[in-house]
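The values are calculated or read from the model by the stated rules, or taken from the named source; none is laboratory data. Quantities reported herein were computed from a predicted structural model and do not represent experimental measurements. Cβ placement follows ideal geometry from the backbone for every residue including glycine, while neighbour counts extend to all protein chains displayed. When the accessible area is computed, the model is the full protein with side chains, heavy atoms only, and any ligands, DNA or RNA have been set aside. Shrake-Rupley method; radii C 1.70, N 1.55, O 1.52, S 1.80 Å.
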Amino acid sequence: MPASVQFVRAVKELERLTTDMTQREIVQRGVDIAQTATGSTIAYLHFLNKDQNTIELGVWSHDTLAGCVAVYDRHYPVESAGIWADSVRTRGPCIHNDYATQTGKRGLPEGHSPLIRHLGLPVVEDGVVRMLVGVGNKPTDYDGGDVELLDMIAGRIWSVTRQRRVLERYRDIGQRFRHVQELASVCGLEYDVDEDSLAFDGLFASIFGTRHPTETPASLREFLSFVAPGDRERVRAAFSSTDGARRTLRIECCRRSGQHFPAELKVEHRPREVGRGVICIGVLQDVSDDVVAEELRRRADHDPLTGLFNRHHLNDWLTQGFGRRTPSDRFAFHYIDLDGFKPVNDTWGHAVGDEVLRVIARRLQQAVRKDDLVVRMGGDEFAVLQTGIEGRRDIGVLADKLLAAIGAPIHALGCTIEVGASIGVAICTGSDWTVGQISADADRALYQAKAAGGRRYVVAAPDGDRAGAART
């Protein structure tokens, strides 16, 4: 199979790896893709433990498992591993096209299939080996093309796995906070509007930090001293209303210590059981944990470096119908890959590179309309969802603005930097599209823009046609 065909197939398969899958599903699917894409008959993926001296064995391709008994070991020593683990030691790809004659090939896990040819490479992030991916027993020798292809696959597997881990961590934290909120003390209250008589239950003290029963407010005026000045009139109106409506207010309160905290006040008015007049009953709850949980959810949807939405939010936008309104609505997916960014990190360092990415993120946001969506896909890749387009002219206008915004000189930490961008654009109409189709069309157009020299955009033609509009 031609290398270009293998590459395209691998890209399409990798697009199916999303954070909606479990970590096990991501790595299992990924290692199967690695085997098929390289024309191998066995493949594995193992994680390096934090100590960097042991390997967690655990993921093999389905074909590998069909021919050998898997060995699962959470702390397999690197020093006990043979040359199949050399890529961990060298932190680079290792090819063994005549494995049987190699010295130091000791250490295959018990039950492993015999190796004839082998290619292994590590995924290194922040100076730490995170993952080891290998394939074996290709009918012909492994070469540089196989290394490039496997490196792309391994990078994608690790990127999605890492995002999934972050998502799981935030979801777990969110669930814990919700559990804490369910167990949190809620302060009950009753207010006689006519008599201006207010009574709280005993949990008032634990929420507001009062030490003596006499500090518990007995009138609305006294309670308002525990409310931030900016919210007092709203609270007064909610307590004094007699229309019977239920009201929920998010307010800022103040503990006796002077510490401010967010609270939710819920009140409703009912007729007095005896006599005339109304009674206001309600609850007040410290929602500090809720605010923290909201911030965690925000972080799960945003890129921490640039503050832009991340790939997870983009997937939600596309899959949950945010981009589908009526059959006539159209939007464009601008897939952006920076040109000349790698030398910035190599020459000036990652601090300058990070600042360049932040500047570009701000420029992209300034170049789009408020209804458009700007996303950092990861690394030096961005995306813009352009909504409400009427034709290709609209796409061209925005693409030119994006290219100009990115290409303008950037002043970062005392350095003047110039980078460019290649943009692949996919057009989507109504509901006649899929996420996979969008990704494939935009990626194909981006590849054409890169192949033409970069610093331009290409609009993917419909129906998979390879023709498209280009602009430098």
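With 5 Å bins beginning at zero, the pair-distance distribution over Cα atoms of the stretch 226-335 amounts to 2, 9, 13, 13, 10, 10, 10, 11, 9, 7, 3, 2, 1, 0 %. Only helices enter this figure: runs of n ≥ 4 DSSP H residues, each worth -39500 (n - 2.57), summed and divided by the residues of the chain, yield -12000 deg cm²/dmol at 222 nm to the nearest 500.
Projected onto planes of every orientation and averaged, the convex hull of the alpha-carbon atoms in the stretch 340-445 covers 7.0 nm². Here the dipole of the stretch 272-413 is about 520 debye; that uses its Cα centre as origin and unit charges on the Cβ of Lys and Arg (positive) and Asp and Glu (negative). Since only His62, Pro304, Gln437 are under comparison, the one whose Cα sits farthest along the positive direction of the charge dipole of the chain, derived from C-beta charges on Lys, Arg, Asp and Glu, is Gln437. In the stretch 40-87, Rg over Rh equals 0.98, where Rg is the alpha-carbon radius of gyration and Rh the Kirkwood radius from pairwise Cα distances.
Summing Lys and Arg as +1 and Asp and Glu as -1 over all other residues whose Cβ lies under 9 Å from the Cβ of Arg29 gives a net charge of -2. Backbone phi angles across the stretch 187-194, fed through the Karplus curve with coefficients 6.51, -1.76 and 1.60 (θ = phi - 60°), yield HN-Hα couplings of 8, x, 8, 8, 10, 8, 4, 5 Hz in residue order; Gly and Pro are listed as x. Ordered from highest to lowest accessible area with the whole protein assembly present and a 1.4 Å probe, His62, His313, His46 read as His62, His313, His46. Ranking Val374, Thr101, Ala460 by Cα position along the charge dipole of the chain, where only Lys, Arg, Asp and Glu carry charges on their C-beta atoms, puts Ala460 farthest toward the positive end. Only Lys, Arg, Asp and Glu carry charge here, each on its Cβ (+1 for the first two, -1 for the last two); on that basis the chain has a dipole of about 520 debye about its Cα centre.
Can you give the net charge of the other residues whose Cβ lies under 14 Å from the Cβ of Leu167, counting K and R as +1 and D and E as -1? Summing Lys/Arg as +1 and Asp/Glu as -1 gives +2.
Computed from Cα atoms, the angle from the helix 144-183 axis to the main principal axis of the chain rounds to 20 degrees. Taking one quarter of the surface of the C-alpha convex hull of the chain gives a mean projected area of 31.3 nm². Under 5 Å from the amide H of Ile116 lie the amide H atoms of Asn137, each residue being 5 or more positions distant or on a separate chain, with H modelled from the backbone and absent for Pro and chain starts. Longest stretch of the chain clear of exposed loop sites (GluC sites (Glu not before Pro), DSSP loop, at most 16 other Cβ atoms within 10 Å, sites excluded): 274-389.
Given +1 at the Cβ of Lys and Arg, -1 at the Cβ of Asp and Glu and no other charges, the dipole of the stretch 118-177 around its Cα centre is 580 debye to the nearest 20. Oblate is the label for the stretch 64-103, because the ratio a/c of its alpha-carbon gyration tensor axes (a ≥ b ≥ c) is 1.5 or higher and a/b is not greater than b/c. What number comes out for the charge environment of Glu268, summing +1 per Lys or Arg and -1 per Asp or Glu over other residues with Cβ under 11 Å away? Residues close to Glu268 contribute a combined charge of +3.
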